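S.K.: Shown below is the structure under consideration.
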Amino acid sequence: MTDLSVREFGYIIQKAKNDDSSRDEFASGSLNDVIEVDEKAWDYLENYAYSSDKEHRFIRSRSYKGKKALQVVNFVGVITIPDDIYLEILPKTSEDGQDIKKTRALLVKMLCEIDELPYLESTEAELEVFEQRLPEVLINRFLNDLANVVRKGIRKDYERIEAEERFLKGRLLVSQQIRQPVSRRHLFRIAYDVFSENRAENRLIHSALIQVAKWSTSEANQKLARELRFAFHEIPISTDYKTDFGQWRNSRDMISYKPLQYWVKLILNQQSPFSIRGDSKGISFLFPMQTLFERYVTKILEKNADSYRVEKQVRSKYLSEVPKAFLLKPDIAIYKDNQVVSILDTKWKLIDQNALYDNGNEDKKANISQADMYQMFAYGHKYLAGSKGKLVLIYPKWNNFDKEKQFDLGNGLELYAFPFDLDEADNSAVNILSSCRPE
């Protein structure tokens, strides 16, 4: 496999034909803003750029230095593409260079913290969005692939059996028979073949099935797992994963098992879904970074809430009262004694507290979008009655945004732009909750 890594909003360009040169800016394993792929991989990715599902495109057509290019957008994760390329898209947490290992570790930490996340799963022909608990999505996919195998028939193979019987069957093991003690010479040492489901692939699948049954908390997944375990109850579990994986056959009669090999490796090795890779081209996991950031911040706030109550995605106010229209849906509401004391919204954007206008004067908005401010102003008037509480816009912390910025919206309504430190998330959560304290 060739490993390529790119940051969010990075560019992919097509390698010139007959160009076998190796340039450092496209070095495998480095975290770049521009990477290069050959024609086959380019064509594969370009198909997604023109997908009819505009809302969930993770890549778009753009231009880079006068050349046609593809730009990854606000999805992070992994996609395996033709020509044995493993493409990793990592969060952009700075305008400066980023250490690939630290960035990857940060993404894994965020994924491990949350328990639900919509994500894109891409195959050769489609993009789908799932809105379930992340582990249950993976388990359900494995169980459905396994159910498909069971419907088509569990594959059998000849298994050599050596036994001591009162009758002759198969082949007599002459040398062992000669060494039989006198007291057992009425028994025959024989070897014969039986057409059995006890083969390496089925032993591994049974082991994986038992594992996901332990992991799953979904009633539907548990039910399906029990049904499938009944189909495998006569097959022993694997006692040597390495040896059995070495015996996994990919012959024509085992085509239906091919998708399971990928899942079984994932389950038995207990790898992160973020780092899936291997022979199964076109299978990938792409996470919307805005949603990941929102749910990560929410989870950390919940862990540090103490006397506060954290509610996500509140939906009780409308911009228009008559008629009821334009539902307002802030990301997070903080309650104290059943009263809303603060409304929070997360934005996965790198804002700049040191930003300047073209004329060199200070940009007092610090790159904060006017649309974001209007949105928060509406939340304040509807959820905080115009003055009874605080508004907080949460952005990721980086070199050019490391200080809280305050805005007075009038009539006692205050808004804070807060830098959330992804490396010191608990401290950031405590500071945000402290700022929400009623005065």
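S.K.: Can you pull out the residues in the stretch 213-232 that are over 29 Å from the mean Cα position of the chain (by Cα) and in a loop (DSSP other than H, G, I, E, B)?
M.R.: Phe232
S.K.: Which one of these is outside any helix (DSSP H, G or I), surrounded by 12 or more Cβ atoms within 10 Å (Cβ to Cβ), modelled with pLDDT of 85 or more and at negative phi: Ile235, Ile210?
M.R.: Ile235
S.K.: Which residue pairs have Cβ atoms under 9 Å apart, sit 6 or more places apart or on different chains, and have a first residue in the stretch 364-381 that is assigned by TED's automatic domain parsing to the domain that holds Asp345 and within 18 Å of Lys403 (Cα to Cα) and a second that is of a type in the set (S, T, N, Q) and in a helix (DSSP H, G or I)?
M.R.: Between residues of the stretch 364-381 that are assigned by TED's automatic domain parsing to the domain that holds Asp345 and within 18 Å of Lys403 (Cα to Cα) and residues that are of a type in the set (S, T, N, Q) and in a helix (DSSP H, G or I), the close pairs are Ser369/Gln375.
S.K.: Within the stretch 387-425, can you find the residues that are over 28 Å from the mean Cα position of the chain (by Cα) and among the hydrophobic types (A, V, I, L, M, F, W, C)?
M.R.: Listed by number, the residues that qualify are Leu391, Phe407, Leu409, Leu413, Leu415, Ala417.
S.K.: I've got another one for you. Quick test of your reading of the structure: Thr93 fulfils all but one of (1) modelled with pLDDT of 85 or more; (2) under 25 Å from Tyr395 (Cβ atoms); (3) assigned to a strand (DSSP E or B). Name the failing condition by number.
M.R.: Condition (3) is where Thr93 drops out.
S.K.: Inside the stretch 60-110, can you point out the residues that are closer than 17 Å to Lys15 by Cβ, in contact with a helix residue (DSSP H, G or I) (Cβ under 7 Å, 6 or more places away or on another chain) and crowded, with 18+ Cβ neighbours inside 10 Å?
M.R.: Leu70, Ile81, Ile85
S.K.: Mind listing whichever residues of the stretch 73-88 are over 16 Å from the mean Cα position of the chain (by Cα) and not acidic (Asp, Glu)?
M.R.: Correct list: Ile81, Pro82, Ile85.
The values are calculated or read from the model by the stated rules, or taken from the named source; none is laboratory data. Predicted model, so just to flag it, every value in this text is computed and none were measured. Every residue, glycine as well, gets a Cβ built from its backbone with ideal geometry; the counts of neighbours run over all protein chains shown.
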